[in-house]
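Trainee: Here it is, the structure in full.
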Number of protein chains: 2
Amino acid sequence: MVETTRNYNQFQQAPRVLVVGTGAVGGYYGGKLAQAGARVAALCRSEFAQVKEKGISISSVGGDFTFMPEKVIGHLSEYAPPPDFMLVALKVLPQIDTANLIRESVGPETTIVLLQNGIHIEEPLVEAFPENEIISALAFICLSRPKPGHIEHSDYGRLVIGRFPQGSSTRTELLASLFNSVQVPCETTEDVITARWRKLVWNAAFNPLSVLAGGLDTLTMVQSPGAVQLARKIMNEVCQVAAADGYALPAEVVEQNIEGTQAMAPFKTSMLQDYEAGRPMEVEAILGNCLRTAQQHDVEVPYLESFYVLMKLVQEQRRYK
Amino acid sequence: MVETTRNYNQFQQAPRVLVVGTGAVGGYYGGKLAQAGARVAALCRSEFAQVKEKGISISSVGGDFTFMPEKVIGHLSEYAPPPDFMLVALKVLPQIDTANLIRESVGPETTIVLLQNGIHIEEPLVEAFPENEIISALAFICLSRPKPGHIEHSDYGRLVIGRFPQGSSTRTELLASLFNSVQVPCETTEDVITARWRKLVWNAAFNPLSVLAGGLDTLTMVQSPGAVQLARKIMNEVCQVAAADGYALPAEVVEQNIEGTQAMAPFKTSMLQDYEAGRPMEVEAILGNCLRTAQQHDVEVPYLESFYVLMKLVQEQRRYK
């Protein structure tokens, strides 16, 4: 196998990527793929005019850069032919039907990359596009979007990606090599569902805690013995559910997550950012799906259940106001 | 036994009552005792001038009235001799040393009436005043204090009182007859600790829930299946702790509390009122003492623990702001 410099051996030229959901995550990783030489287009809604004119400026611990998409579109009909990679970085919310939303731009050869939070989020896409390759991707990164057209990348940045539901693929390796070529550490895994459970351990604990405790950043949480104790309880419950679902996690994952958070620059979790901005939070993808999986396997998760119910109430309450 | 009209047989004249903590609860019940013919003085802090000049106006479902204390004092040294009844309606907070605060006005014949929330709140008073009679009192009432010198009584009003730790007493009966004479239903119990646990069932569930869910009144809570489900879990845990502590509650207490709340006019819990006004909340008296009792008896209370830790975090977070 002859590798080109850019490792595009599978394609005639640089792979075509369409970013759907050009928020902080989609903007940052889309921008890095463009840096790596991919031809990246971006579907934008609220920031369409801004991004079309000036692109997205990214202040990053790894070096500032501007992501100027090859094409900025306001609707999928403006993009053809279908992309090689559809990078889906939408939030996972009950009111967003991702499959339906992306359908018109998914061609037979399109690989759908789900760069999203939560657990059991791939099934609707598998059902809608049974013939397409789906890559599930996890971002370990601290991002925020302080104003339109601007992203701040304050810490971390690593990706873990894998063919869904398991195994390896040429496109998974290609995507990883593109990211790695621009200093985004990207690991491939043949067991991406376990990796997703592993990430959920952090998300299910610290995301809701940051909101329910009245708006705490990560440092304030890990400096509070009560918060850490509660985070551990949630993390242990997620580990139990993962194991019951067939994806046992190593015992040290809980302490690794606590220590990792202690080492992190103070950061507002994505749920807290959403809460403060009045945006919907990924309560179902992160907590609801985990709770339902627990119930399927008769695993008792009282701490998780408390968080889930409270977060749903907080979410509903927001809507009334 | 010859009963006088006013039932003051124990005293030469109308009993002297000193209200310490003249907030909504102290103001309302102190006012009712004054209506019943008791000679009621009030210790006031922030509202001293207002109350001294105009008394406390009370808009009540049972009929509006004004409570004009016989004497309004800013410090206990202004009151002598010691009262027959010291009506303590202070909030139960770690930073308030009630025993020390009332000490100078507690005479050998003073009965201390603790009209307060929480569990295991009497012990410090028993220790400080081992020779004095202590009456523990529970108010089932919806009160708020929309502005200084004004109390709103929107629903309920019943009292349950009893000699602490158990049994009956002449003064308990006298106090009850005073309240009953002015349409405040007041029940005496020989087992006031069980009554206190019974009240905690409601308080431990709906008080923190109203705050953590983002500011819900009672009606919104009982109309939400998730909130009711979580309230039931907490209530069941409190019942388990009560039983382990030697005070078994009847099984129907949980559903009675849910139904009672459904029948109640929409009301902001005291914790929510305190939270919104930036005042400290009775997290330790209501949740902390119950959790510590659970731990003493090795009872698992994950829902209660979640609420306790979150409420402590919310409380601390408030202090930073």
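The values are calculated or read from the model by the stated rules, or taken from the named source; none is laboratory data. Note that the coordinates shown come from a computational prediction; the quantities given were computed from them, not determined experimentally. Counting neighbours? That spans all protein chains shown, and the Cβs are built from the backbone with ideal geometry, glycine included. For the accessible areas, the whole protein counts, side chains as well, though only heavy atoms, and no ligand, DNA or RNA atoms are used. Shrake-Rupley method; radii C 1.70, N 1.55, O 1.52, S 1.80 Å.
Trainee: Using a label point 7 Å beyond Cα on the Cα-Cβ vector, give me the inter-copy distances for B:K54 in nanometres, one decimal, shortest first.
Mentor: 5.4
Trainee: Assume the label is 7 Å from Cα along Cα to beta carbon: what separations in nm does B:P165 have to the matching positions in the other copies?
Mentor: 5.9
Trainee: Right, something else. Roughly how compact is chain A, stated as its Cα Rg over 2.2 N^0.38 Å to two decimals? Before the final figure, lay out each step's value.
Mentor: On the way: Rg = 19.1 Å, N = 321, 2.2 N^0.38 = 19.7 Å.
Rg over 2.2 N^0.38 Å, computed on Cα atoms: 0.97.
Trainee: What net charge is computed for the residues neighbouring B:L200, neighbours being all others with C-beta under 14 Å from the C-beta of B:L200, Lys and Arg scored +1, Asp and Glu -1?
Mentor: Neighbour charge sum, excluding B:L200 itself: -1.
Trainee: Round to a whole number: what % of the accessible area of the protein assembly as shown belongs to carbon and sulfur, probe 1.4 Å?
Mentor: On the way: 12990 of 26570 Å².
Carbon and sulfur together cover 49 percent of it.
Trainee: Pairs to check: B:K147/B:K233; B:K32/B:K199; A:K268/B:K147. Give those whose C-alpha atoms are more than 32 Å from each other in this structure. It would help to have the intermediate numbers written out before the result.
Mentor: Details: B:K147/B:K233 36 Å; B:K32/B:K199 22 Å; A:K268/B:K147 37 Å.
Violating the 32 Å Cα-Cα cut-off are B:K147/B:K233; A:K268/B:K147.
Trainee: Restricting the count to DSSP beta bridges whose residues both fall in the range B:110-176, what percent are antiparallel, rounded to a multiple of 5? Present the calculation step by step, with values, prior to reporting the outcome.
Mentor: On the way: 11 of 15 bridges.
Of all bridge pairs located within the range B:110-176, approximately 75 percent are antiparallel.
Trainee: Find the Cα radius of gyration of the protein assembly as shown, compare it with 2.2 N^0.38 Å by division, and give the number to two decimals. Don't jump to the answer; show the numbers that get you there.
Mentor: Details: Rg = 30.9 Å, N = 642, 2.2 N^0.38 = 25.7 Å.
Output field value: 1.20.
Trainee: Roughly how many Å² is the accessible area per residue of the range A:2-85, as a whole number, for a 1.4 Å probe?
Mentor: 46
Trainee: Add -39500 (n - 2.57) for each DSSP H run of 4 or more in chain B, then divide by its residues: what number comes out at 222 nm, to the nearest 500 deg cm²/dmol? Spell out each step's value before the answer.
Mentor: On the way: 12 runs with 133 residues, N = 321.
Per the formula, -12500 deg cm²/dmol.
Trainee: Would you mind working out the accessible area per residue for the range B:94-206, using a 1.4 Å probe, and quoting it in Å²?
Mentor: Numbers: 4570 Å² over 113 residues.
It amounts to 40 Å² per residue over the range B:94-206.
Trainee: Computed on protein heavy atoms with a 1.4 Å probe, what is the summed buried accessible area for the chain pair B and A, in Å² to the nearest 100? Could you put the intermediate results ahead of the total?
Mentor: Details: alone 14290 and 14280 Å², together 26570 Å².
Summing both sides, the interface buries roughly 2000 Å².
Trainee: Would you mind counting up the charge near B:V299? Only other residues with Cβ under 14 Å from its Cβ, with Lys and Arg at +1 and Asp and Glu at -1. Numbers along the way, then the final one.
Mentor: Working: positive: B:K233, B:R292; negative: B:E237, B:D245, B:D298, B:E300, B:E305.
After counting each charged neighbour, the total is -3.
Trainee: Right, another one. Which aspartates and glutamates, on any chain, are close to B:K91 with Cα under 20 Å apart, when same-chain ones fewer than 8 places away are left out?
Mentor: Output for B:K91: B:E47, B:E104, B:E122, B:E123, B:E127, B:E152, B:D274, B:E276, B:E282, B:E284, B:E316.
Trainee: Let me ask something additional. Using protein chains only (no ligands, no nucleic acids) and a 1.4 Å probe, work out which residues of the range A:209-238 have their accessible area cut by at least 30 Å² relative to the chain alone.
Mentor: The answer is A:L212, A:A213, A:G214, A:L216, A:Q229, A:L230.
Trainee: Rounded to whole Hz and in sequence order, give me ³J(HN,Hα) for the range A:85-97 from the Karplus expression 6.51 cos²θ - 1.76 cosθ + 1.60, θ = phi - 60°, writing x for Gly and Pro.
Mentor: Working through the residues one at a time gives 10, 9, 8, 8, 10, 6, 5, 8, 9, x, 7, 10, 8 Hz.
Trainee: For A:A243 and A:R103 in one chain, what is 0.36 nm times their gap in residues minus the Cα-Cα distance, to one decimal in nm? Can you show the working numbers first?
Mentor: Working: separation 140, 0.36 × 140 = 50.40 nm, distance 3.37 nm.
Here the answer is 47.0 nm.
Trainee: If we hang a label 7 Å off Cα along the beta carbon direction at B:Q10, how far is it from the matching labels on the other copies, in nm, shortest first?
Mentor: Result for B:Q10, in nm, nearest copy first: 8.6.
Trainee: If you count only protein heavy atoms with a 1.4 Å probe, what accessible area per residue comes out for the range B:228-321, rounded to a whole Å²? The partial results should precede the final answer.
Mentor: Numbers: 4060 Å² over 94 residues.
Per residue, the range B:228-321 has an accessible area of 43 Å².
Trainee: Largest first and in whole Å, give the semi-axes of the range A:258-308's equivalent ellipsoid, each being the square root of 5 times a Cα gyration tensor eigenvalue.
Mentor: Details: eigenvalues 122, 55, 12 Å².
Value: 25, 17, 8 Å, ordered largest first.
Trainee: While we're on this one: Roughly how much of A:C186 is accessible, in Å² to the nearest 10, using a 1.4 Å probe?
Mentor: So the heavy atoms of A:C186 present about 10 Å² to solvent.
Trainee: Right, here's the next one. On a 0 to 90 degree scale, rounded to 10, what angle separates helix B:192-212 from the longest Cα axis of chain B?
Mentor: That helix lies at roughly 60 degrees to the long axis.
Trainee: In whole Hz, with x marking every Gly and Pro, tabulate ³J(HN,Hα) for the range A:229-246 from phi via Karplus 6.51 cos²θ - 1.76 cosθ + 1.60, θ = phi - 60°.
Mentor: Karplus values, whole Hz, x for Gly and Pro: 4, 5, 4, 4, 4, 4, 4, 4, 5, 4, 4, 5, 5, 4, 4, 5, 7, x.
Trainee: Just report the Cα centroid separation between the range A:98-171 and the range B:205-257, whole Å.
Mentor: For the range A:98-171 versus the range B:205-257, the Cα centre distance is 41 Å.
Trainee: Which of A:Q229, A:Q12, A:Q50 moves most in a GNM of chain A, Cα contacts under 10 Å?
Mentor: A:Q12
Trainee: Let me ask something additional. Return one number: the angle in degrees, 0 to 90 and rounded to the nearest 10, between the long axis of the Cα atoms of helix A:302-320 and the longest principal axis of the Cα atoms of chain A.
Mentor: Helix A:302-320 sits at roughly 70 degrees to that axis.
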